[in-house]
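This report refers to the structure that appears directly beneath it.
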Amino acid sequence: MQNWTCALIKPVSSSCNLRCRYCFYFDEASCRTRKNYGKMSTETLAITLNEITKNAKNGSTILFQGGEPLLAGASFYKFYNDLKDNILASRKGFNISSSIQTSLYTLDDDLIKEFKRGNFLIGVSLDGPCDLHNKNRLTPKLTGSFDKVFANIKKLQEQNIPINILCVVTKDNAYPKRLWDFYKENGFTHLQFIKALPPLKDGNDLISDDDFAKFFLEIFDLWFSDLIKGRYISVRLIDDIFSILTNRGCSSCDLHGKCTVQNVIEADGSVYPCDFYALDEWYMGNIHDGFDKLNQDIIKKFEEKPVILDECKTCNLFNICKNGCRRYRNDKGLSALCPLFKLLFKERLNEIKTVLSMISK
């Protein structure tokens with residue numbers, strides 16, 4: 001029995017009410033034999049939650065994602081909360097952490113009620129102020145989504161529901177100071193900046209690795225400036241770097257050096273190892289048959305330790321980056337974050353040492 005288990009549930013598969021220009025979910029779905037699995041039934045949800053939690057000793061993490069998971073509706077999350085409450089009532093000391101990653105384009109009072117009741121953490125995709133956000137995060141009519149999203153964020157804030165901001169960085173919104181000031185002015189204290197993924201098939205990179213490195217270096221400077229003034233804002237990658245440097249590990253799977261199965265559950269119960277690899281060739285089985293029936297050969301292949309490149313063997317930063325997520329590696333097999341780590345530790349080593357000194361006190 002594992003101490004902690006996790007599942008990434010896709011309650012409406014690849015269905016979405018936005019048409020973001022860089023959406024990797026849409027790109028991934030287009031590469032599958034079956035592009036959309038419809039809406040998850042309450043039976044499949046119940047089986048999923050029972051299968052995930054029964055293999056855990058201390059607790060489980062459940063993340064709902066998309067497409068757009070809010071399209072499942074409030075009754076779906078009410079059913080989930082009822083299931084969760086029943087499990088927690090029967091297992092003393094057990095914990096279930098619930099979160100959702102959403103565009104937040106559609107939100108109603110019943111959904112807010114269930115998120116508050118279930119102590120959900122809400123991850124909101126917000127690519128900066130209106131003009132920057134609306135460059136890529138569009139409705140099916142190709143109009144901007146910012147106004148509705150931002151109004152819904154305010155509703156969550158009024159209910160003191162915790163929010164984490166996810167910013168997908170492209171060349172269209174790579175303006176660090178504008179992004180930082182906007183997030184700070186609106187009280188967002190937990191941020192994640194990720195480089196937009198290039199398409200699985202032929203397509204242009206939406207921001208180069210070098211440009212993303214320069215972007216993130218400025219984010220680090222803004223973060224550091226606030227930190228030494230006594231204002232801490234969580235930036236996930238920065239948090240992970242210092243967590244690794246202080247021997248506390250990190251929460252991000254992309255800095256672990258090898259892939260681990262994340263248990264992505266599609267709407268029909270199909271199980272895949274990772275949301276980046278919800279593809280036909282990585283199909284592991286169906287949750288209705290139980291975890292013990294999953295294809296162990298696929299799991300073993302997915303979790304295979306990667307070959308360390310010669311360049312990585314001689315790099316003094318390898319123990320920090322471990323060549324990153326393989327979905328983010330370029331044609332040479334190097335992580336998209338390689339230029340970022342090299343630039344950061346070359347240009348900001350004194351600042352990094354200052355932070356480490358602050359942590360040790």
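Annotations for the structure displayed:
- Taking (1) closer than 23 Å to A336 by Cβ; (2) assigned to a loop (DSSP other than H, G, I, E, B); (3) open to solvent by 50 Å² or more (accessible area, probe 1.4 Å) in turn, A174 satisfies each apart from (3).
- Residue within region 312-319 that is open to solvent by 30 Å² or more (accessible area, probe 1.4 Å), among the β-branched types (V, I, T) and over 24 Å from L222 (Cα atoms) present: yes
- Residue check, K201 surrounded by fewer than 19 Cβ atoms within 10 Å (Cβ to Cβ), among the charged types (D, E, K, R) and closer than 24 Å to S99 by Cα: no
- Of residues in region 116-128 being in contact with a helix residue (DSSP H, G or I) (Cβ under 7 Å, 6 or more places away or on another chain) and open to solvent by less than 20 Å² (accessible area, probe 1.4 Å), the one farthest from Y183 (Cα to Cα): G118
- Those residues of region 33-51 which are among the β-branched types (V, I, T), over 15 Å from Q65 (Cβ atoms) and assigned to a helix (DSSP H, G or I), in sequence order: T42, T44, I47
- Within region 68-93, the residues that satisfy the criterion of being out of contact with any helix residue (DSSP H, G or I) (no Cβ under 6 Å at 6 or more places or on another chain) and farther than 18 Å from L121 by Cβ are L71, G73, S75, D82, N86, A89, S90, R91, K92, G93.
- Just one of (1) buried (at least 18 other Cβ atoms within 10 Å of the Cβ); (2) modelled with pLDDT under 95; (3) in a helix (DSSP H, G or I) fails for D27. It is (1).
- Residue in region 338-348 that is out of contact with any helix residue (DSSP H, G or I) (no Cβ under 9 Å at 6 or more places or on another chain), surrounded by fewer than 16 Cβ atoms within 10 Å (Cβ to Cβ) and in contact (Cβ under 8 Å) with a residue 60 or more places away in the chain present: no
- Residue in region 251-270 that is part of a loop (DSSP other than H, G, I, E, B), without any contact (Cβ under 8 Å) to a residue 40 or more places away in the chain and open to solvent by 60 Å² or more (accessible area, probe 1.4 Å) present: yes
- Selection from region 52-72 of residues that are part of a loop (DSSP other than H, G, I, E, B) and either out of contact with any Lys or Arg (no Cβ under 9 Å at 6 or more places or on another chain) or buried (at least 23 other Cβ atoms within 10 Å of the Cβ) (or both): N55, G66, G67, E68
The values are calculated or read from the model by the stated rules, or taken from the named source; none is laboratory data. These figures come from a predicted structure and were not determined experimentally. We place every Cβ from the backbone using ideal geometry, glycine too, and count neighbours over all the protein chains shown. SASA here: full protein model, heavy atoms, side chains in, ligands and nucleic acids out. Shrake-Rupley method; radii C 1.70, N 1.55, O 1.52, S 1.80 Å.
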